[in-house]
Amino acid sequence: MPTWPEDYGGAGLSRDEALVLHEEIARLGLPMPLTGFGYSMIGPTLLDHGTEAQRAEHLPKIARGEIRWCQGYSEPNAGSDLASLATSAVRDGDFYVINGQKIWTSGADQADWIFMLVRTNPDVKKQRGITFILVDMESPGVEVRPIRLISGASPFCETFFHNVRAPVHQVIGDVNGGWTVAKALLGHERASIGGMGRGGAGASLPGLARDYVGVDENGRIDDPAIRERVTQCEMDAMSYGLTIKRHGDGLEAGHKPGPESSMFKYYGTELNMRREELMLSIRGPQALGWEGEGFEPAELNQTRTWLRSRANSIEGGTSEIQLNIIAKRVLGLPD
Amino acid sequence: MASLVLTAPQEMLARTAAELVSKHGGVDRQRRLRDEGAELGYSPEVWAEMADLGWLGIPLSEEHGGLGMGMAETVLITEAMGRGLAPEPFVSAVVFAGGLLADAGSAEQRAAWLPPLIDGEKRLAPALLEAGSRYGLDRVETQARTNGDGWSLSGEKVQVVGGVGADGFLIAARTEDGDNGLTLFLVPAEANGLEVVAQGRVDSRNSAIVRLSDVHVPAGAVLGAVGGGLEPLGRAVDRATVAVCGEMLGLMTEAFERTIEYLKSRSQFGVLIGTFQALKHRAAKMFVEIELSRSAVMSAARAIDEGSDDAELQVSNAKARCSDALILVTNEALQMHGGIGMTDEHDIGLFMKRARALEFAFGDAAFHRQRFARLRGF
């Protein structure tokens, strides 16, 4: 937690210092010590919207890696139209009683806590009756079923709530004010998903192309169409990385953060998916492996990461939703 | 790596440039100059005002009498010019020719030419293209033969930007067989055997054919080393390319903003057309492309200013990106304006025409992608 205050288990670093730390860790080819929803989403949200007591209770545990979080946003009938969510929370003394179903709850089968959106008022405009609340996954009435995806993995779950009781003090922000908190958190999520477009840690595209496609007598990738696609991808990643840097420089200079996270989410995920498609083209038939002999581990992994990447433009708000947000909130186009 | 945020003085410069362009009529001025068939294709009074502001020496060091600012500042001027379609030959005369002279010229050449260039009394035009050269700087057939103490030049340069009314030309000629025999010459316009013929281009800017028939120049007309013209020429072209990218950025931003305004004001089927998702998504994608272009241009300008190792790479990244984004935006702008966009009366066509000239200036997107790939060893 490089940028979190030291009181909550962070290192209290500036954005610049944290960037240097990230770059050095990436340069050494090491993973970040802590990733996940606690670090990238609920942590920053608590820093922005939590009370002192809420921060003191949850942040140090996230920083120490003691608890894992999952996200209860989407429902079977509330995907892109998230605000139409129906999971209800009814006040009963010092508790909310929660009933309903969440879907695409990443890692719910291994999570200790869930941050979720619930409907606390069904009689107002849909965005105005939503509350953001934290729930202990050990609570009676929580049931989790993993969903098997096209990649063969089950990173997502369905999570059911049957008369689950959560204390009132676990509401983040105002009761019926959850949409504001949710949007701020989605901003963190988009920034985190969008960051993938920069490439970096994964395999080098040109290197992979040289290995699989071969090189001509001048040492160039021996297929002009693949070479052109590799070049385009690398150039797009360069301009995208520079745009992330420019945005960060702007924040550093005191510019207010705006709806740009939609741009990063849209472009970063589309770019990452294009990269995955290209890596598939580069490996050719060797990218078809599912399991067993005849394929290298990296090739088997490629099949899975490509399939997984198809969700990039769906999760965290589809590409189409991001374009809607840019059109409305950045360009001011009418509804 | 330099910050990609404008400093306060840079913001001020950008504002001043925008004010200058709009004060003189903005896009209406370009239209008027075109309709009048103005021989110069630009306004001498605006050029003089740019000289008064010191802008004709903006990228030239203070020792040469310039302002000693970098490409980061230069692109702010060209961006404002791009927004208002200002036709003054700033990139060709100041960034390219002035920069090349400062880089490769002898002390005598600099002393003779730079002060009047910076004051706006004289103007140089780089004569780069030939009919068969496309984007290859070394695809030059103009010949220079030794002639007594000097040289004799013969050949034909085309689409010499700012060529009409120029006081001198920077000309690349072949001085011996082989790839490395490219030599630069500084040739005054009044030289015997040099003929300037105005050319009509789609963007109605100042453009000329320069014909050289045994033009005799003294040995002192050589710019830099005999046979060593390609390197300084390449550096000058990279700087000019980034300046052009600034103009492209201004042009695409203006065409885009005008289109967004149109989407907010034009009604069909009883609703504003900006409510249509088919148009919203395309508008949002254009916005993203413009943002990426801006980052690429700002970074390339700073890479040149810092003498960064990857400056050439960044220049090609910026030019390829801007070329693609500019064509996307101006084509979409016309489409979204519908039939009115096809009329000469409407301004959006002027943006589209200029966009094509900028796309092909110093190499299109495909050319710069190839260069990027070559530099990275793909």
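Filtered by the rule that a residue be surrounded by fewer than 16 Cβ atoms within 10 Å (Cβ to Cβ), farther than 30 Å from A:Gly12 by Cα and among the small types (Gly, Ala, Ser), the range A:56-82 gives a lone residue, A:Ser80.
The residue pairs whose first member lies in the range A:4-33 and is without any contact (Cβ under 8 Å) to a residue 60 or more places away in the chain, whose second member is surrounded by 13 or more Cβ atoms within 10 Å (Cβ to Cβ) and polar (S, T, N, Q), and whose beta carbons are closer than 9 Å, counting only pairs six or more residues apart or on different chains, are A:Gly10/A:Thr3; A:Ala11/A:Thr3; A:Gly12/A:Thr3; A:Leu13/A:Thr3; A:Ser14/A:Thr3; A:Glu17/A:Thr3; A:Ala18/A:Thr3.
Beta carbons closer than 7 Å, at least 6 apart along the sequence or on distinct chains, pair a first residue in the range B:287-301 that is facing chain A (nearest Cβ under 7 Å) with a second that is among the aromatic types (Phe, Trp, Tyr) for B:Val288/A:Tyr266; B:Val288/A:Tyr267; B:Leu292/A:Tyr240. The requirement of being within 11 Å of another protein chain (Cβ to nearest Cβ) and of a type in the set (D, E, K, R) is satisfied by A:Arg227. Considered as a group, the residues in the range A:290-335 that are within 14 Å of chain B (Cβ to nearest Cβ), crowded, with 18+ Cβ neighbours inside 10 Å and without any contact (Cβ under 8 Å) to a residue 24 or more places away in the chain include one that is nearest to A:Leu186 (Cα to Cα), and that residue is A:Asn324.
What about B:Ala283, is it facing another protein chain (nearest Cβ under 10 Å), surrounded by 17 or more Cβ atoms within 10 Å (Cβ to Cβ), among the small types (Gly, Ala, Ser) and farther than 16 Å from A:Gly332 by Cβ?
no
Going through B:Glu19, B:Glu73 one at a time, which residue ends up being surrounded by fewer than 21 Cβ atoms within 10 Å (Cβ to Cβ), modelled with pLDDT of 95 or more and not assigned by TED's automatic domain parsing to the domain that holds B:Ala357? Let's see the steps before the verdict.
Values: B:Glu73 fails: surrounded by fewer than 21 Cβ atoms within 10 Å (Cβ to Cβ).
Every option except B:Glu19 fails the conditions.
In the range A:251-264, the qualifying residues are those that are at pLDDT 85 or above and within 11 Å of chain B (Cβ to nearest Cβ), and the one that is surrounded by the fewest Cβ atoms within 10 Å (Cβ to Cβ) is A:Gly254. Within the range B:1-45, the set of residues being within 14 Å of chain A (Cβ to nearest Cβ), in contact with a helix residue (DSSP H, G or I) (Cβ under 8 Å, 6 or more places away or on another chain) and under 22 Å from B:Glu254 (Cα atoms) comprises B:Leu4, B:Val5, B:Leu6, B:Gln10. Against the test of being under 21 Å from B:Gln10 (Cα atoms) and either in the same structural domain as B:Arg354 (by TED's automatic domain parsing) or at pLDDT 95 or above (or both), the options B:Ala93, B:Ala86, B:Ala97, B:Ala104 yield a single qualifying residue, B:Ala86. Among the residues making up the range B:339-359, those that are without any contact (Cβ under 8 Å) to a residue 12 or more places away in the chain and of a type outside the set (A, V, I, L, M) are B:Gly339, B:Gly341, B:Thr343, B:Asp344, B:Glu345, B:His346.
If the condition is being touching a helix residue (DSSP H, G or I) at 6+ places or on another chain (Cβ under 7 Å) and under 23 Å from B:Leu230 (Cα atoms), then the range B:181-213 contributes B:Leu182, B:Leu184, B:Phe185, B:Leu186, B:Val187.
The values are calculated or read from the model by the stated rules, or taken from the named source; none is laboratory data. Just so we're clear, the structure is a prediction, and the values are computed from it rather than from any experiment. Neighbour counts are summed over all protein chains in view; Cβ atoms, including those assigned to glycine, are modelled from backbone coordinates with ideal geometry.
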